[in-house]
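One structure is given here, and the rest of the page talks about it.
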Amino acid sequence: MKTAVLLSGRGSNLKAILDASQSENYPAKISLVISNRASASGLDYARADNIPVKVIDHTGFETRDDFDKALDEILKEHKIELVCLAGFMRLLGRDFVMGWKDKLINIHPSLLPAYKGLNTHARALKDGVRFVGATVHFVRAEMDDGPIIAQSVVPVHKDDTASDLAERVLKAEHRLFPAALKLVASRRVRVSGHRVLIEGAESADVILTNPIL
Ligand code: GRF
């Protein structure tokens with residue numbers, strides 16, 4: 001499945017996806033990487049693998065809608081079938097999201113629906129939760145909302161700081177995102193209301209997509 005990855009910065013999740021996509025029979029082909037910031041260091045991972053890179057600088061557009069339209073055009077020009085948001089720090093408008101419904105997936109560093117938005121790890125620590133994690137989900141118009149494809153659970157250790165947690169969760173993300181993308185790109189995933197059903201999977205198979213359990 002022709003897949004694009006959108007990012008705004010470091011790109012460690014892109015790197016994890018690129019590495020996974022080298023393996024035989026991986027069903028997603030990363031065909032385009034787009035950033036809204038020219039300085040995003042993650043673009044270097046794409047360049048190193050000779051993957052087409054585009055920068056669509058959001059500051060050059062008058063409205064969110066104009067930016068979204070430019071993005072949509074480039075994705076269509078490249079015949080992209082599936083879009084992964086991997087640290088893409090722009091909210092996409094309702095029209096764009098609806099146009100890419102169930103073809104647009106995002107990774108978020110929390111066990112959604114808990115801790116939507118920013119500073120997830122610091123907020124979780126403050127609340128004293130015992131487990132945090134990461135979620136890959138289909139994107140809907142509300143921020144960090146949408147049917148959940150896969151999650152990874154990460155324990156909180158005594159004396160953890162927010163950056164300890166961020167590091168532990170990021171490691172889990174690097175296994176989770178390629179696993180979730182594999183499920184979607186192999187067309188085994190169906191959305192039913194708010195739930196994601198994985199064809200031919202017993203619950204044990206789904207747990208296997210969770211690298212920590
Ligand atoms: C990740 O923590 C991801 O969950 C969040 O943004 C961060 C991106 O990191 N949406 P990277 O750019 O992939 O290294």
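A few comments on the model shown:
- Cα-centred dipole magnitude for the stretch 1-112, charges only on beta-carbon of K, R (+1) and D, E (-1), debye, nearest 20: 160 debye
- Reach of LYS158 by Cα under 25 Å, taken over lysines that are not fewer than 8 positions away in the same chain: LYS116, LYS126, LYS171
- Projecting the Cα atoms of SER192, LEU6, PHE138 onto the dipole axis of the chain, where Lys and Arg carry +1 and Asp and Glu carry -1 at the beta carbon, places SER192 farthest toward the positive end.
- In units of the rule-of-thumb radius 2.2 N^0.38 Å, the stretch 37-124 shows an alpha carbon radius of gyration of 1.21.
- 10 Å-binned pair-distance histogram of the chain (Cα, whole percent): 8, 35, 38, 17, 2
- Centroid-to-centroid, using Cα positions, the stretch 1-73 and the stretch 176-191 are 18 Å apart.
- The ratio of the alpha-carbon radius of gyration of the stretch 125-168 to the globular-protein estimate 2.2 N^0.38 Å is 1.36.
- Taking the inverse of the mean 1/r over every pair of distinct Cα atoms in the stretch 74-116 gives a Kirkwood hydrodynamic radius of 11.8 Å.
- Think of it as helices only: each DSSP H run of n ≥ 4 in the chain is worth -39500 (n - 2.57), and spread over all residues that comes to -10500 deg cm²/dmol at 222 nm.
- Rounded to the nearest 5, the antiparallel percentage of DSSP beta bridges internal to the stretch 10-153 is 60%.
Read the figures in this text as sums done on the coordinates, not as results from a lab. Predicted model, so just to flag it, every value in this text is computed and none were measured. So basically every Cβ, Gly included, is an ideal-geometry build from the backbone, and we count neighbours across all protein chains shown.
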